[in-house]
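No value in this document is a laboratory result; all are computed from the given coordinates. Since the model is a prediction, treat every value here as computed from it, not as a measurement.
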Amino acid sequence: MKKYEKQQLDFFKAKLDILMPNVEKVELALGMQAGVLRGRVLTISQAAKVLGLSTDTLQDWLSDPDLPRLYVGRTNQPRLMVDSLLRYAQVRAANWYRYLSKDGEED
C-alpha cells in the first residue's frame, strides 16, 4: 500500500471512529437511552444527523444499490436502518478509493 493510500485509509478510519459517538449524541439529543437508536428506522434527515453528514450526501449515497433501505408510504419515501447504515459507512470508509470520481473528489 502506498503512503498516500495508507494516509487516506487512516483518515477514513478516524472518521468512522467518530460515527458511534454521533449515534450516542443524537440519542441524547432525542432524549433516548444509549443504544435505543440502534435497530431504529430513520428518515434521510435523521440519518444525516447520526452520521454528521449533509442530507445531500445521503441522497447521493442512495444512488448506491449496496446501501440497504426501506421504502414506506404511498410515496415510497426511503428510510434507513441505523445498524445497516453504520455497516454501510464502515464498508464505504474501508473501500474509500472505490467511491472517488476521476477528479479525485468523493462521489
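Table for the structure above
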quantity	calculated
The stretch 56-71 - phi-based ³J(HN,Hα) in whole Hz, Karplus 6.51/-1.76/1.60, Gly and Pro as x	4, 5, 5, 4, 5, 4, 5, 6, 8, x, 7, 7, x, 7, 10, 10
From phi via Karplus (6.51, -1.76, 1.60), per-residue ³J(HN,Hα) for the stretch 81-88 in Hz, x at Gly/Pro	7, 4, 4, 5, 5, 5, 5, 4
